[in-house]
Structures are given as C-alpha cells and as structure tokens.
1. Assigned by TED's automatic domain parsing to the domain that holds Y123, at pLDDT below 95, surrounded by 14 or more Cβ atoms within 10 Å (Cβ to Cβ) and under 19 Å from Y123 (Cβ atoms): does that describe T91?
2. Since A39 meets every condition but one in (1) surrounded by 11 or more Cβ atoms within 10 Å (Cβ to Cβ); (2) at pLDDT below 95; (3) out of contact with any helix residue (DSSP H, G or I) (no Cβ under 7 Å at 6 or more places or on another chain), which condition does it not meet?
3. Pick out the one residue from A51, A9, A5 that is outside any strand (DSSP E or B), under 20 Å from the mean Cα position of the chain (by Cα) and at pLDDT below 70.
4. Could you list, in sequence order, the residues of segment 109-118 that are β-branched (V, I, T) and within 9 Å of C62 (Cα to Cα)?
Amino acid sequence: MSEGAKIRAEELTRSSSRYHNKPTLLSIQRCNMKLISFAAASLFASVSNSALPPGYEDELWCQPGNCEIYTNPYGIVGARSTFEKCYDPETNVMSEGVWTGSETDVTVPDGFIQPQICTAEQYSQ
C-alpha cells in the first residue's frame, strides 16, 4: 500500500469514528425512557409497601411477660406489624404479636396482653 493510500485510510477511519461515536436522538430517547421506567417502577414499589389504613392494625397483643419493641433500622415504610414486635427480655427472643382492629375479625388468644413499650434496660439495640 502506498503512503498516500495509508494516509487516506487513516483519515477515513478517523472521520467515520468521529460521526459514529456521537449519541443520536434515538439513543438519547432510549436512555431517557429507561430512566423514566426505572423511576416509575421505584415509585410503584414504594407505594405498594405503604402502611395499612386504620382499623387493620390498631392494637398489638403479646404473650405475658413480653414488651413491645420497635425495629426499623433503615427507615423503611410499611405496615405497623412489620416493625413492632413482641420481645421477651428473659429469653431475649423477638416474636410476632397478634394484631386486632375494628376492620378485622381477629380474636385475641386467651392470656395475651397489650404490652408496655420495652425500656432501655430490657432491650437496647
């Protein structure tokens, strides 16, 4: 290949890459649609984890000797039962309680109590 042909081939390669590496309107629109789709999916996911309306989780009931503990280390939203648990300070065991409300037909098991909130001496995180 002659010297002139090599130079011409290099110029063509440089000039073609100069035009093909620029973003086109279509590629920008695709990127924007992906961002919008991601934002919409994130919004719907956060709405689906929202709290229940009044009447479904009004009162927490625990076994005797338990206290009520609130656990939400990451600031997540959701139903009260997701974060409020029964805690037995003697055995150091956390358990699910029974939730009642005016809109539910849940009955409290015999012997269950409405617990007090745990003190720092009973539980510290």
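The values are calculated or read from the model by the stated rules, or taken from the named source; none is laboratory data. Please read all numbers here as calculations on a predicted model, not as lab measurements. Every residue, glycine among them, receives a Cβ derived from its backbone with ideal geometry; neighbour counts consider all protein chains shown.
1. no
2. It fails just one condition, (1).
3. A51
4. Answer for segment 109-118, where residues must be β-branched (V, I, T) and within 9 Å of C62 (Cα to Cα): just I113.
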